[in-house]
Amino acid sequence: MSKLTSVSALDELRKDILSRRDPKKTKLSVCSGTGCRAYDSEKVIDSLKSGIKQHGLDDKVDLVTTGCHGFCELGPVMVIYPDGIGYFKIKPDDVDDIITETLSQGKVVDRLLYVDPEGNVITKEHDIPFYKYQNRAVFGSNQSIDPKNIEDYLAIDGYQALATCLSSLSPEEVLETVKKANLRGRGGGGFPAGQKWEATRNAPGDVKYVIVNADEGDPGAYMDRSILEGNPHSVLEGLLIGAYAIGCQKGFIYIRQEYPLAVEHLDRAIEQMRELGLLGENILGTGFNFEISVHRGAGAFVSGESSALMSSIEGKVGEPRPKYIRTSISGVHGRPSDLNNVETWANVPLIINKGVDWFTSIGTEGSKGTKIFSLVGKVNNTGLVEVPMGMKLHDIIFKIGGGLRDGKKFKAVQTGGPSGGVIPEDMLDLPVDFDALNKVGSMMGSGGMIVMDEDTCMVDVAKYFLEFLADESCGKCVPCREGITQMLHILKMICAGEGQPGDLELLEEIAAMTKACSLCALGQSAPNPVLSSLKYFHAEYEAHVNDKCCPAHVCKELITYHIDPAKCKGCGKCLRNCAVGAISGTKKEPHVIDLDKCTKCDTCFMVCPPKFSAVTKLSGNETLPVSES
Amino acid sequence: MSYSLAKVDRIIDHYGADAEALIQILLDIQHEFRWLSRETLLHTADRLGLPMNQLYNVTTFYKHFSLVPQGRHAVSVCVGTACHVRGATRLLDRVAQGFKLSPDETSADEKFSLKTVSCLGCCALGPVMVVDGKYMSNPTSNEIAEIVEECE
Ligand SMILES: Cc1cc2nc3c(=O)[nH]c(=O)nc-3n(C[C@H](O)[C@H](O)[C@H](O)COP(=O)(O)O)c2cc1C
Ligand code: SF4
Ligand code: SF4
Ligand code: FES
Ligand code: FES
């Protein structure tokens, strides 16, 4: 590839790429994202490659390995274009049929299609409820491109927005566009991106930086990772546009080292940009110069905070500093620096290409555009979903997510990660909107959405987040370090059955102190998981403290395992699986657990065949149900 | 793998011995040898002209760095939120029992290291255990024992 020296040369290249592609040709888009890889998608892809060759279909079929399609629950997934047929849970053994039936004869392999809960078979991917209710403006491109091939990105109008900005818009006009679109930060806080860009642009100094925050610290989310793995150029293009508007020549990408595939794809994308002259000096002959360096983060949640992240880029410990002077004025090396989240940057090219009116037509009054969520936990359709802002939580969880697994009852949904809160059932009418979620004590956060059912203990969840935060607090300021530690201590006691009267009031008091006095947002928001669960699930806390009972049967110290003699058929499965020999019994006779030996490992509960469900957990004053016979 | 300072030098040179690239250099060294020996750190400090305390500061702050050797087999249990609500605590107990290790510990014969990690991007399989890159969804005690047996 030779360097592009003008905007028209980019247009020419795009035309050339498109002229070499036939939209009617069969295209297999096979997911090779992290989720599908865990299901052995790489083996499926290898068999497809060799099968296509063997059957001499090379000229008739394009095989594209892509990033995450979103429906990770049913991985490995594949879509066959131009018809848009969706195949799911593909095994290497299915490849033969895909080739001989679908590719050679145009017949659909029924067993690989999606079947909805009512038993209806759905052939086209976009008719599946999981996809039908989404608006995949940002994430949808993932399945059309091979992230390792810049030509695929160019074929879907990639770098068109950059070319428009560089050739026909002034930096001020670009800035105005983003401000008018009211693009708010997708990394958690929802701060208007245009305003931050403007502050950096107006800050004194010649050298300024733009930065991508790809630290994705929320322990229950993977959307930023999947954008970078699946469509790195969309983020890079956004970054270049921002740099042009702000007046920067250098950008950084701060990415978790735990995301090796994303780092690999980013590095490759940057290399290809450089080959094409989309990085370096005089980009597209417009006089705009830009360089990028990738900085891998070595694992510290607090380093996702803006000032901490910047000191980490300088090779130091990533601890926050007081922000009397904001990082938009003094960031990396004391220079004005603009930091935005992966998804924020990825929205920028869309706004330029499709216009402010398009962007603001989606969403609510204060929150425009779409938001990607990692919809996970006890929900049927686990995956990444992108919805218009303003969609009701209920619709996301039930229409897209397909409701709760195993017919369980919904209990709460958690958004905002360790800084967010739990939202109970009677609030599911809430729209996803930065301000609406803040109002109820949670927050939008970066996009973690964890669905919880009746078997989830809310005290345990609060303890979980505080354990995470206690580990991750940098310890620089006392209110956060000690506040979190003390709240965690109380929660541990409560979960161990040693809660005292007055504990809940004390929790509230420490929470208020930690919120008010911590230096950075880690400490300031750390009480949210505790306060929101205390507010909406107070009775559950009381049961733990007063009755030493964990109603959800989660807190280990408060439960015991039993075998219901009325249900046990003596199949012996639990006995064979108990690692400590705590179960005894003869074949076909009810088995018994020796509570002194039982380590509460949960294995017997897992392996007892569902038709018997004889293993039961009891807590507090609960007793085995009296048998009817 | 035994470490050689020549390899360390190559990594440092790749970054032009730039002190600001300290974290990137240490990540590469850690990747190469799976841990950071005192000798390596002293050498790196020397080459970059940094005080040793800055290297200790950085290596103890960030979780990825290990100042002790790591086992030949990497065992991780996801304790991300989705896995947590699906029973990661119990899985971690079983794994710890099966491998006879606590989280963040390496066995005396340097065979296994057990780590907890945050979301691996495959929450649909949760709770997950990964042994040397192989993913397993909520294995029982017996299944874990089999894995322990299989590892050389
Ligand atoms: C403790 C802490 C951790 C954070 N982690 C992240 C993160 O992993 N990813 C992210 O985009 N923002 C994170 N943020 C928010 C950033 O500080 C910053 O607000 C954000 O990257 C700005 O981008 P945005 O305006 O586009 O959202 C974190 C904030 C705090 C206080
Ligand atoms: S609030 Fe916590 S994480 Fe933030 S600076 Fe203080 S101690 Fe560190
Ligand atoms: S919970 Fe575990 S230790 Fe206890 S009886 Fe069941 S299998 Fe055995
Ligand atoms: S990783 Fe394949 S669908 Fe998400
Ligand atoms: S939380 Fe464990 S894989 Fe996502």
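The values are calculated or read from the model by the stated rules, or taken from the named source; none is laboratory data. Nothing here was measured: the structure is a model prediction, and the numbers come from that model. Positions of Cβ are backbone-derived with ideal geometry, glycine not excepted, and every protein chain shown enters the neighbour counts. In case anyone asks, the SASA skips ligands and DNA or RNA and just uses the protein heavy atoms, side chains included. Shrake-Rupley method; radii C 1.70, N 1.55, O 1.52, S 1.80 Å.
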Going residue by residue through the stretch B:90-108, is there one that turns out to be closer than 29 Å to A:LYS378 by Cα, open to solvent by less than 30 Å² (accessible area, probe 1.4 Å) and among the small types (Gly, Ala, Ser)?
yes
Residue pairs within 7 Å by beta carbon, gap of at least six or interchain, first lying in the stretch A:551-565 and within 11 Å of A:CYS495 (Cβ to Cβ), second open to solvent by 50 Å² or more (accessible area, probe 1.4 Å), listed first then second, are A:LEU558/A:LYS548
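Of a type in the set (D, E, K, R), within 14 Å of chain B (Cβ to nearest Cβ), free of Cβ contacts under 8 Å to residues at least 12 places away in the same chain and within 20 Å of B:CYS122 (Cα to Cα) - does that describe any residue in the stretch A:40-54?
Keep residues of the stretch A:40-54 that are of a type in the set (D, E, K, R), which gives A:40, A:42-43, A:46, A:49, A:53.
Subsequent filtering for residues that are within 14 Å of chain B (Cβ to nearest Cβ) retains A:40, A:42-43.
Those left that are additionally free of Cβ contacts under 8 Å to residues at least 12 places away in the same chain: A:42.
When the remaining residues are screened for being within 20 Å of B:CYS122 (Cα to Cα), the result is A:42.
Yes: the stretch A:40-54 contains one or more residues that are of a type in the set (D, E, K, R), within 14 Å of chain B (Cβ to nearest Cβ), free of Cβ contacts under 8 Å to residues at least 12 places away in the same chain and within 20 Å of B:CYS122 (Cα to Cα).
If you scan the stretch A:527-582, which residues turn out to be of a type in the set (A, V, I, L, M, F, W, C), within 15 Å of ligand 3 (Cβ to nearest atom) and assigned to a helix (DSSP H, G or I)?
Taking the stretch A:527-582 as the starting set, the residues that turn out to be of a type in the set (A, V, I, L, M, F, W, C) are A:530-531, A:534, A:537, A:539, A:543, A:545, A:549-550, A:552, A:554-555, A:558-559, A:563, A:566, A:568, A:571, A:574-575, A:578-580, A:582.
With within 15 Å of ligand 3 (Cβ to nearest atom) added as a condition, the list becomes A:554-555, A:558-559, A:563, A:568, A:571, A:574-575, A:578-580, A:582.
Within the stretch A:527-582, A:LEU558, A:CYS574, A:LEU575 meet the criteria.
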Just for the stretch A:109-119: of the residues that are modelled with pLDDT of 95 or more and open to solvent by 50 Å² or more (accessible area, probe 1.4 Å), which one is farthest from A:ASN381 (Cα to Cα)?
A:ASP110
Where the second residue is open to solvent by 30 Å² or more (accessible area, probe 1.4 Å) and the first is assigned to a loop (DSSP other than H, G, I, E, B) and lies in the stretch A:119-134, which pairs have Cβ atoms under 7 Å and are six or more apart or on separate chains?
A:THR123/A:VAL108; A:TYR133/A:ASP395; A:TYR133/A:LYS399
Within the stretch B:109-145, residues open to solvent by less than 50 Å² (accessible area, probe 1.4 Å) and on the phi > 0 side of the Ramachandran plot come out as B:GLY121, B:ASN138
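From the list B:ALA21, B:ALA17, exactly one residue is outside any helix (DSSP H, G or I), modelled with pLDDT of 95 or more and either within 9 Å of another protein chain (Cβ to nearest Cβ) or surrounded by fewer than 16 Cβ atoms within 10 Å (Cβ to Cβ) (or both). Which is it? Steps first, answer last, please.
Values: B:ALA21 fails: outside any helix (DSSP H, G or I).
Just one listed residue meets the conditions, B:ALA17.
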Could you identify the single residue in A:ALA262, A:ALA245 that is out of contact with any strand residue (DSSP E or B) (no Cβ under 8 Å at 6 or more places or on another chain), among the small types (Gly, Ala, Ser) and modelled with pLDDT of 95 or more?
A:ALA245
Checking B:LEU67 against (1) within 12 Å of chain A (Cβ to nearest Cβ); (2) open to solvent by 40 Å² or more (accessible area, probe 1.4 Å), only one condition comes out false. Which one?
(1)
Residues in the stretch B:95-108 that are within 14 Å of chain A (Cβ to nearest Cβ) and either at positive phi or away from ligand 3 (no atom under 16 Å from the Cβ) (or both): how many?
4
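Answer yes if at least one residue in the stretch A:351-372 is within 14 Å of chain B (Cβ to nearest Cβ), within 16 Å of the chain's Cα centre (by Cα), not acidic (Asp, Glu) and not in a helix (DSSP H, G or I), and no otherwise.
Taking the stretch A:351-372 as the starting set, the residues that turn out to be within 14 Å of chain B (Cβ to nearest Cβ) are A:372.
With within 16 Å of the chain's Cα centre (by Cα) added as a condition, the list becomes A:372.
Still in the running and not acidic (Asp, Glu): A:372.
This time we only want the ones that are not in a helix (DSSP H, G or I), so: A:372.
Yes, the conditions are met somewhere in the stretch A:351-372.
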If we ask which residues in the stretch A:583-624 are open to solvent by less than 80 Å² (accessible area, probe 1.4 Å) and either away from ligand 3 (no atom under 12 Å from the Cβ) or within 11 Å of chain B (Cβ to nearest Cβ) (or both), their number turns out to be 17
With assigned to a loop (DSSP other than H, G, I, E, B), small (Gly, Ala, Ser) and under 22 Å from A:PHE139 (Cβ atoms) as the only criterion, which of A:GLY35, A:GLY70 stands out?
A:GLY70
